[in-house]
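The structure under discussion appears below in the form of structure tokens.
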Amino acid sequence: VQTCALPISDEIEATRAALDAKASGSVGYNGADMTKPDQIADLVARTEADMGQVDVLVNNAGIQFVSPIEEFPIEKWDAIIAINLSSAFHTIRAALPGLKEINDCPAVTAVDVEVDVVTRLRSRDDELVPIGMLHRCTASA
């Protein structure tokens, strides 16, 4: 398990340590800013270096803001797109090479607030196979 998105604090470290004590594997923390593609790539690279190959990727970062469109702040729109959509793309993009090494049809599940999409990849026998799904969920900002 690799968690991310918040700066480290005593509470986060206590939660990480408690989970690590109960887990059969190890639990890590990375405070990557999920709006920054370079930090997302570093998150995946460090996870692979610290814990080995990524077997399953779950993108679960999401924020929401509700407002009439004429009152909707542009910076809120940009933040929603960056967290709910772009971060999933960048994380899948960073993890996919490693996932493809271990499986022709890697299981990539991305959780997003607004979009349902199935991403497909051509397998070695030239068939289209699903590699990613974005499901609806809600999170508060």
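The values are calculated or read from the model by the stated rules, or taken from the named source; none is laboratory data. Quick caveat, the model's predicted, so the values are computed rather than measured. Because the Cβ atoms are built from the backbone with ideal geometry, glycine has one as well, and the counts that use them run over all protein chains shown. When the accessible area is computed, the model is the full protein with side chains, heavy atoms only, and any ligands, DNA or RNA have been set aside. Shrake-Rupley method; radii C 1.70, N 1.55, O 1.52, S 1.80 Å.
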**Request:** Skip the ligands, DNA and RNA, and give the accessible area per residue of segment 30-76 with a 1.4 Å probe, whole Å².
**Result:** 64 Å²
**Fill in**
Ranked output for segments 21-33, 60-72, 77-89, 37-49 by mean other Cβ atoms within 10 Å, highest leading, reads 77-89, 37-49, 21-33, 60-72
**Request:** Quantify how much of the Cα-Cα distance distribution of segment 1-88 extends past 16 Å, in percent.
**Result:** 61 percent
**Item:** Placed amide H near ASN59: partners under 5 Å, 5+ positions off or other chain
**Value:** THR109, ALA110, VAL111
